[in-house]
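Asker: Sharing a structure below in structure tokens format, with a few things to ask.
The values are calculated or read from the model by the stated rules, or taken from the named source; none is laboratory data. Every value quoted in this text rests on a predicted model; they were computed, and no experiment measured them. Because the Cβ atoms are built from the backbone with ideal geometry, glycine has one as well, and the counts that use them run over all protein chains shown.
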Amino acid sequence: MIDYVAKGRMLIIWVVLVAAIVYLGAVPFLPVSSAFIFYMMFWITMASSFNIIYGFTGYLPFGYVAFYGLGTYVTAVFWSRLGFPIPAAILIAGGAGVLLSLIFAPTLRLRGIYFAIVNFSCAMALRILIANLPEKWAGGSFGITLSAAYKPRFSYYCMFILMIVTIFIVWKLSISRLGIALRCIRDDYEAAEAMGIDVSMCRLKAWMLAALIPSIAGGIEAWHTAIIDPDTSFSMMITTKSIVYAMFGGLGTITGPIVGAVFMYILDDLIWARFPILNLMVLGIFIVALVLFFPRGIVGSITRWKPTLRAVLA
């Protein structure tokens with residue numbers, strides 16, 4: 001009987017998943033706002049990739065926006081200054097993000113708030129560096145325009161593909177040996193070392209993976225908006241929302257960041273449309289309520305109350 005119930009739940013999940021994929025794929029041809037759906041997919045991607053380094057490994061990068069910001073600028077520079085096709089520029093942006101993660105890799109020796117602060121400082125230093133590059137290359141404080149490459153339908157499907165790939169990566173990671181090792185590192189660093197886990201290599205792999213995805217996402221988002229500048233590309237709201245959306249759904253789970261991103265993005269959009277001045281205040285209230293009443297997030301709390309759902313949701 002239990003077997004049939006579990007199979008029934010899995011069937012429902014798969015039906016919902018397939019229906020969601022079909023709907024998202026058809027959005028550009030439907031009478032709905034494709035920009036709204038585009039940014040929902042963007043935040044699902046950002047929250048899920050953030051989940052790799054914090055939810056699985058326990059490292060909180062306050063400067064996570066650095067990878068997104070670098071992705072926007074590398075894409076814009078390689079397209080506008082060097083004449084690369086946009087898809088190639090986006091892939092190069094992903095490689096640049098991985099390279100930046102290797103440059104920042106020594107900071108992984110730190111833990112807790114020390115890592116968070118140093119990572120934030122590195123992101124701000126990168127922002128200042130890019131803003132002060134020669135205007136003929138990085139556009140200075142005015143940024144770079146990509147209007148000639150503006151193709152919202154193509155950028156929409158690129159984000160759609162990236163979101164699906166990201167969710168698949170998180171799912172594969174959660175059931176892999178690397179995912180188990182990362183959870184061990186998160187729960188007890190010293191014990192993981194004592195068990196023979198190569199802590200340095202495991203956390204570096206997670207760090208590189210968590211850098212690759214937002215760098216590509218930044219490139220696609222730059223293509224979609226067709227304009228970038230230092231203030232928007234390195235806005236701390238990118239990091240803040242990635243953290244809040246992932247935490248609201250449930251860190252360390254597969255579906256948590258998806259649920260959190262969808263719910264919080266819709267709520268944020270509704271509040272911003274009706275009460276733009278209260279937007280940040282309401283976001284702060286939700287963060288406080290989340291920490292007080294749902295410290296494990298929505299999905300984490302549900303699976304704790306009903307462990308039988310863990311195989312389906314987590």
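Asker: Within the stretch 225-242, can one find any residue that is in contact (Cβ under 8 Å) with a residue 60 or more places away in the chain and more than 28 Å from A89 (Cβ to Cβ)?
Answerer: no
Asker: Something else about it: Sort out which residues of the stretch 177-207 are more than 19 Å from P257 (Cβ to Cβ), aliphatic (A, V, I, L, M) and in a helix (DSSP H, G or I), and write them in order of number.
Answerer: Result: I180, A181, I185, A191, A192, A194, V199, M201, L204.
Asker: Checking G83 against (1) within 21 Å of G139 (Cβ to Cβ); (2) assigned to a helix (DSSP H, G or I): exactly one of these is not met. Which one?
Answerer: Checking G83 against (1) within 21 Å of G139 (Cβ to Cβ); (2) assigned to a helix (DSSP H, G or I), the one that fails is (2).
Asker: If I238 satisfies every condition in (1) under 20 Å from F42 (Cβ atoms); (2) in contact with a Pro (Cβ under 9 Å, 6 or more places away or on another chain); (3) surrounded by fewer than 19 Cβ atoms within 10 Å (Cβ to Cβ); (4) not acidic (D, E) but one, which is the exception?
Answerer: Tallying (1) under 20 Å from F42 (Cβ atoms); (2) in contact with a Pro (Cβ under 9 Å, 6 or more places away or on another chain); (3) surrounded by fewer than 19 Cβ atoms within 10 Å (Cβ to Cβ); (4) not acidic (D, E), I238 fails exactly one: (3).
Asker: Within the bounds of the stretch 134-155, is there any residue that is in a helix (DSSP H, G or I), under 19 Å from T232 (Cα atoms), touching a Leu at 6+ places or on another chain (Cβ under 7 Å) and at pLDDT 90 or above?
Answerer: no
Asker: Moving to a separate point now. Just checking, how many residues over the stretch 131-157 are crowded, with 20+ Cβ neighbours inside 10 Å and not aromatic (F, W, Y)?
Answerer: Matching residues across the stretch 131-157 total 6.
Asker: Right, something else. Within the stretch 27-53, track down each residue that is under 12 Å from the mean Cα position of the chain (by Cα), hydrophobic (A, V, I, L, M, F, W, C) and either part of a loop (DSSP other than H, G, I, E, B) or farther than 19 Å from L100 by Cα (or both).
Answerer: Of everything in the stretch 27-53, those that are under 12 Å from the mean Cα position of the chain (by Cα), hydrophobic (A, V, I, L, M, F, W, C) and either part of a loop (DSSP other than H, G, I, E, B) or farther than 19 Å from L100 by Cα (or both) turn out to be M40, M41, F42, W43, I44, A47.
Asker: Pairs needed: first member in the stretch 97-117, surrounded by 19 or more Cβ atoms within 10 Å (Cβ to Cβ); second member anywhere, among the charged types (D, E, K, R); C-beta distance under 7 Å; at least 6 residues apart or different chains.
Answerer: Close Cβ pairs satisfying both conditions: L108/R203.
Asker: Which of the numbered conditions does T239 fail, given that it passes all the others? Conditions: (1) over 13 Å from the mean Cα position of the chain (by Cα); (2) assigned to a helix (DSSP H, G or I).
Answerer: All conditions are met except number (1).
Asker: Could you look through the stretch 208-235, keep only residues that are of a type outside the set (A, V, I, L, M) and part of a loop (DSSP other than H, G, I, E, B), and pick out the one that is surrounded by the fewest Cβ atoms within 10 Å (Cβ to Cβ)? Let's see the steps before the verdict.
Answerer: Step one: list which residues in the stretch 208-235 are of a type outside the set (A, V, I, L, M), which gives 214-215, 218-219, 221, 223-225, 229-235.
Imposing the further condition that a residue be part of a loop (DSSP other than H, G, I, E, B) reduces the set to 229, 234-235.
Values: D229: 18, F234: 24, S235: 15.
Among those that are of a type outside the set (A, V, I, L, M) and part of a loop (DSSP other than H, G, I, E, B), it is S235.
Asker: Only one of these conditions is not met by L251: (1) surrounded by 21 or more Cβ atoms within 10 Å (Cβ to Cβ); (2) assigned to a helix (DSSP H, G or I). Which number is it?
Answerer: Condition (2) is where L251 drops out.
Asker: Please find, among T72, T45, T57, the residue that is at pLDDT 95 or above, β-branched (V, I, T) and under 25 Å from I175 (Cα atoms).
Answerer: T45
Asker: I've got another one for you. Looking for whichever is in contact (Cβ under 8 Å) with a residue 12 or more places away in the chain and within 24 Å of F36 (Cβ to Cβ) here; the options are I277, I285, I266. Which one fits?
Answerer: Checking each option against the conditions leaves just I266.
Asker: How many residues, within the stretch 292-301, are in a helix (DSSP H, G or I) and in contact (Cβ under 8 Å) with a residue 24 or more places away in the chain?
Answerer: If we filter the stretch 292-301 for residues that are in a helix (DSSP H, G or I), which is where we start, we get 292-293, 297-301.
Those left that are additionally in contact (Cβ under 8 Å) with a residue 24 or more places away in the chain: 297-301.
Matching residues across the stretch 292-301 total 5.
Asker: Just give me the residues in the stretch 158-173 being surrounded by 16 or more Cβ atoms within 10 Å (Cβ to Cβ) and not aliphatic (A, V, I, L, M), in sequence order.
Answerer: Passing the criteria: C158, F160, T166.
Asker: Among the residues of the stretch 156-203, what is the count of those that are within 18 Å of the chain's Cα centre (by Cα), free of Cβ contacts under 8 Å to residues at least 12 places away in the same chain and closer than 19 Å to G58 by Cα?
Answerer: 1
Asker: May I pose another question? Considering the stretch 54-73 alone, what residues qualify as being outside any loop (DSSP other than H, G, I, E, B) and surrounded by fewer than 24 Cβ atoms within 10 Å (Cβ to Cβ)?
Answerer: Of the stretch 54-73, the ones outside any loop (DSSP other than H, G, I, E, B) are 54-55, 65-73.
Residue satisfying the conditions is Y54 alone.
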